[in-house]
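Asks: After the structure tokens below, expect a handful of questions from me.
The values are calculated or read from the model by the stated rules, or taken from the named source; none is laboratory data. Being a predicted model, the structure only gives us computed values, none of them experimental. A quick note on method: Cβ atoms are made from the backbone with ideal geometry, for glycine too, and the neighbour counts reach across all protein chains shown. Surface areas here come from the heavy atoms of the whole protein model, side chains and all, with no ligands, DNA or RNA. Shrake-Rupley method; radii C 1.70, N 1.55, O 1.52, S 1.80 Å.
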Amino acid sequence: MSVHSVPPARLRGEHLTLAYDKKIIARDLSITIPDGELTVIIGPNACGKSTLLRTLSRLMRPTGGTVWLDGREIGGYATKEVARRLGLLPQSSSAPGDITVGDLVARGRYPHQSVFGRWREQDERAVREAMAATGVGELAHRPVDTLSGGQRQRVWIAMVLAQQTPLLLLDEPTTWLDIAHQIDLLELLRQLNRDHGHTLVVVLHDLNHACRYASHLVAMRDGRIVAQGAPGDIITAELVEDVFGLRCLIIDDPVSHTPLIVPLGRS
């Protein structure tokens, strides 16, 4: 009987040391992003979630350890090549001047442009589909700086989608969105994962959203991964109290049948 080796995951970090201005955020941190999954990273403020995401995307360089992308050390790729393989939406983004929505979303096609920058039909189609998916098509001619916070967030997400990368990393993408648009966005991310095969890594603060939409959950505290796996396998009242210091009950979500966290409060 022949033995078939399993190829390594497209994105992983090994023995990472993460630091800001010589302050160590995490030490000897290893993580493998499972291909084809919607991975959500949860944890309290300042536990290292966003730092880890920025390091996996090469926006930050680890002070120790290695990030691997498609079998190569991520630092060995040209910047444009990384952007063809991996898309990132950071926590805060700023648009230049009075750029319009359409022009900003079109910048997501930069990694696919030739040296002479000729605009192609496939670029136009990618922009059009990304704007339709995020519901910003009618805003195409509006300056980005005239939009509400929620509208701007959807435009930035459209730009990342226009990049058309197999890997998408999003840092707190539901910030500034009202509850209806939060659900719309999370449904979109799940559709990208299930129907289009994207591998996604998302940092979220809302535990119930994380449990409902993640197929793979990573719980962090103090720069360490304390649990990971399917939400139904790892989420317990003990874990939530250990990670967040929150007493709670875990019940079955009547809609998604995923863990639903019910806080008990301090008293």
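Asks: Only Cα pairs under 8 Å and at least 6 apart count here; give the relative contact order of region 1-147 as a rounded whole percent.
Replies: Values: 156 pairs, mean separation 29.9, N = 147.
The normalised contact order for region 1-147 reaches 20 percent.
Asks: Here's something else I'd like to know. Relative to the compact globular guide of 2.2 N^0.38 Å, what is the alpha carbon radius of gyration of region 1-98, as a ratio? Walk me through the intermediate numbers first.
Replies: Working: Rg = 15.3 Å, N = 98, 2.2 N^0.38 = 12.6 Å.
It is 1.22.
Asks: Over region 111-267, what is the mean sequence separation of C-alpha contacts under 8 Å (at least six apart), divided by residue count, expressed as relative contact order in percent?
Replies: Taking the mean separation of contacting Cα pairs over the length of region 111-267, I get 14 percent.
Asks: So which aspartates and glutamates pass the test for Lys49, namely a Cα distance under 12 Å, with those fewer than 8 places away in the same chain ruled out?
Replies: Cα-Cα hits under 12 Å: Asp171, Glu172, Asp222.
Asks: At 4 °C and a viscosity of 1.567 mPa s, what translational diffusion coefficient does Stokes-Einstein give for the chain, taking Rh as the Kirkwood radius over Cα pairs? Give it in µm²/s as a whole number.
Replies: On the way: Rh = 19.6 Å.
The Stokes-Einstein estimate is 66 µm²/s.
Asks: Under a no-solvent Debye model with one identical scatterer per Cα of region 166-258, what's log10 I(q)/I(0) at q = 0.13, 0.17, 0.22, 0.26 Å⁻¹?
Replies: Rounded to two decimals, the profile gives -0.47, -0.81, -1.30, -1.52.
Asks: For region 44-117, what is the Kirkwood estimate of the hydrodynamic radius, computed as the reciprocal of the mean inverse distance between distinct Cα atoms, to one decimal in Å?
Replies: On the way: mean 1/r = 0.0691 Å⁻¹.
After inverting the pairwise mean of 1/r, the radius is 14.5 Å.
Asks: Run the numbers for Tyr110 and Thr175: contour at 0.36 nm per residue of separation, minus the present Cα-Cα distance, in nm. Provide the component values of the computation, followed by the final result.
Replies: Working: separation 65, 0.36 × 65 = 23.40 nm, distance 2.56 nm.
Working it through step by step, the gained length comes to 20.8 nm.
Asks: What FRET efficiency do you get for Glu124 and Tyr20 if R0 is 51 Å and r is their Cβ-Cβ distance, rounded to the nearest 0.05? Intermediate results must be reported in sequence, preceding the final value.
Replies: Details: r = 40 Å, r/R0 = 0.79.
Once the sixth-power term is evaluated, E becomes 0.80.
Asks: Please compute the alpha carbon radius of gyration of region 83-153, then divide it by the globular-protein estimate 2.2 N^0.38 Å. Two decimals is fine.
Replies: Working: Rg = 12.5 Å, N = 71, 2.2 N^0.38 = 11.1 Å.
So the Cα radius of gyration is 1.12 times the expected 2.2 N^0.38 Å.
Asks: Sticking with this one: Can you give the accessible area per residue of the chain, in Å², using a 1.4 Å probe?
Replies: On the way: 13730 Å² over 267 residues.
Per residue, the chain has an accessible area of 51 Å².
Asks: Taking all protein chains as present, what is the carbon and sulfur share of the accessible area of the chain, in % to the nearest whole number, probe 1.4 Å?
Replies: On the way: 7010 of 13730 Å².
Reported share for carbon and sulfur atoms: 51 percent.
Asks: Within 14 Å, Cβ to Cβ, of Leu189, how many net charges do the neighbouring residues add up to if Lys/Arg are +1 and Asp/Glu are -1?
Replies: Values: positive: Arg154, Arg190, Arg194, Arg212; negative: Glu37, Asp171, Glu172, Asp184, Glu187, Asp195, Asp206.
Around Leu189, the charge tally is -3.
Asks: For region 98-209, just say rounded, prolate or oblate: build the C-alpha gyration tensor, square-root its eigenvalues into a ≥ b ≥ c, call rounded for a/c under 1.5, and beyond that prolate if a/b exceeds b/c, oblate if not.
Replies: On the way: a/c = 2.09, a/b = 1.31, b/c = 1.60.
Oblate is the answer for region 98-209, as a/c is 1.5 or above yet b/c matches or exceeds a/b.
Asks: Multiplying the sequence separation of Leu264 and Lys80 by 0.36 nm and subtracting their Cα-Cα distance, what value in nm do you get? Before the final figure, lay out each step's value.
Replies: Working: separation 184, 0.36 × 184 = 66.24 nm, distance 4.84 nm.
The span from Leu264 to Lys80 would gain 61.4 nm if fully extended.
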